[in-house]
Amino acid sequence: MTEQISFYDTLVDELETMRSQLTPDEGGSFFNRPMSEQELIEWLSFQAYYEKRAAQFIGRWLADTPERDAFVLLAQQVEDEGLHYEYCMRALERRGVTSIDNWKPEPEWEEWIDAWYPSGDDTIERVASHNLAGELGACNAFVEIKTRVPNDVIKTLDRIIPDEHFHMRIAKTLIDKYAVEEDQRGRVRQRVTRTFELEQAGRVAYNRRMVRLGLANESDPTPPMPG
């Protein structure tokens, strides 16, 4: 008897199909060149900002998470995200950067990370956006970048990636358990699709920023996505 694919797995397949259909312009890679030390500092600053924001908005979710299992899992995730922020800051400190307080994110990143992720109305919408679409995109990005960064940053990524897989398993557990009605599944799918769109806009904004800072050229080739 064929095992029935879960709703979560269906969403993952849909995301990977959308990713495979992107043109280079639509899905601008964060990593379309070997990274200079200056660009590496920019990327680590972005990642530290992302991880800190995740700890903050997931922490705020806890006051409005009625499902007991979700509350426990998300509380564990807050600690993970805080540690990821610390790991990225340590990598920055090795490069002489002790604070990102004066580092300003791009508008697309603020829309994606500061506005969209915190905006989910309930647990399934929130984990669909961040833990499913967001963490899957992050894992893909980490695989892509590992060939372009020094060993100490590879070690940092190797500490973070297993946690990201755990966060995706949180999404699988909660979506398959609580997104059972058609309207719930419709809302979840909508959140996943919009998150994917914002992620791609964020990647394009990253390359635009690198050109503006003189760290890249518009003509730099974009390598294929892994897989």
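The values are calculated or read from the model by the stated rules, or taken from the named source; none is laboratory data. Worth saying up front: this structure is predicted, and the values here are computed from it rather than measured. Positions of Cβ are generated from backbone atoms using ideal geometry, with glycine treated the same way; all protein chains shown enter the neighbour counts. Ligands, DNA and RNA are excluded from the accessible area calculation, which covers all protein heavy atoms including side chains. Shrake-Rupley method; radii C 1.70, N 1.55, O 1.52, S 1.80 Å.
So, in region 1-34, how many residues would count as being modelled with pLDDT of 85 or more and either of a type in the set (S, T, N, Q) or closer than 21 Å to GLY214 by Cβ (or both)? Don't jump to the end; show me each part of the working.
Here is the first cut: in region 1-34, the residues modelled with pLDDT of 85 or more are 5-21.
Then keep just the ones that are either of a type in the set (S, T, N, Q) or closer than 21 Å to GLY214 by Cβ (or both); that gives 6, 10, 17, 20-21.
Total satisfying the criteria: 5.
Pick out, from region 117-208, the helices (runs of 4 or more DSSP H) lying fully within it that include 1 or more residues that are surrounded by fewer than 21 Cβ atoms within 10 Å (Cβ to Cβ) and over 14 Å from the mean Cα position of the chain (by Cα). Steps first, please.
Numbers: elements: 123-127, 135-145, 151-178.
Filter on region 117-208 gives 123-127, 151-178.
Report, by residue number, each residue of region 44-64 that is surrounded by 19 or more Cβ atoms within 10 Å (Cβ to Cβ) and over 27 Å from TYR206 (Cα atoms).
Correct list: TRP61 only.
Select from region 66-89 the residues that are among the charged types (D, E, K, R) and free of Cβ contacts under 8 Å to residues at least 60 places away in the same chain and write down the one among them that is most open to solvent (accessible area, probe 1.4 Å).
We begin by selecting, within region 66-89, every residue among the charged types (D, E, K, R); these are 67-69, 79-81, 86.
When the remaining residues are screened for being free of Cβ contacts under 8 Å to residues at least 60 places away in the same chain, the result is 68, 79, 81, 86.
Numbers: ARG68: 201, GLU79: 122, GLU81: 2, GLU86: 71 Å².
Among those residues, the one meeting the criterion is ARG68.
Name the single residue that is farthest from SER119 (Cα to Cα) among those in region 52-99 being polar (S, T, N, Q) and assigned to a helix (DSSP H, G or I). Spell out how you get there, then give the answer.
Going residue by residue through region 52-99, those that are polar (S, T, N, Q) are 56, 65, 76-77, 98-99.
Add one more test, that the residue is assigned to a helix (DSSP H, G or I), and what stays is 56, 76-77.
Values: GLN56: 13, GLN76: 20, GLN77: 18 Å.
Filtering region 52-99 for residues that are polar (S, T, N, Q) and assigned to a helix (DSSP H, G or I), the one farthest from SER119 (Cα to Cα) comes out as GLN76.
Which count do you get for residues in region 100-112 that are in a loop (DSSP other than H, G, I, E, B) and open to solvent by 60 Å² or more (accessible area, probe 1.4 Å)?
Taking region 100-112 and keeping what is in a loop (DSSP other than H, G, I, E, B), we get 100-106.
Remaining after also requiring open to solvent by 60 Å² or more (accessible area, probe 1.4 Å): 101-102, 104.
Residues meeting the conditions: 3.
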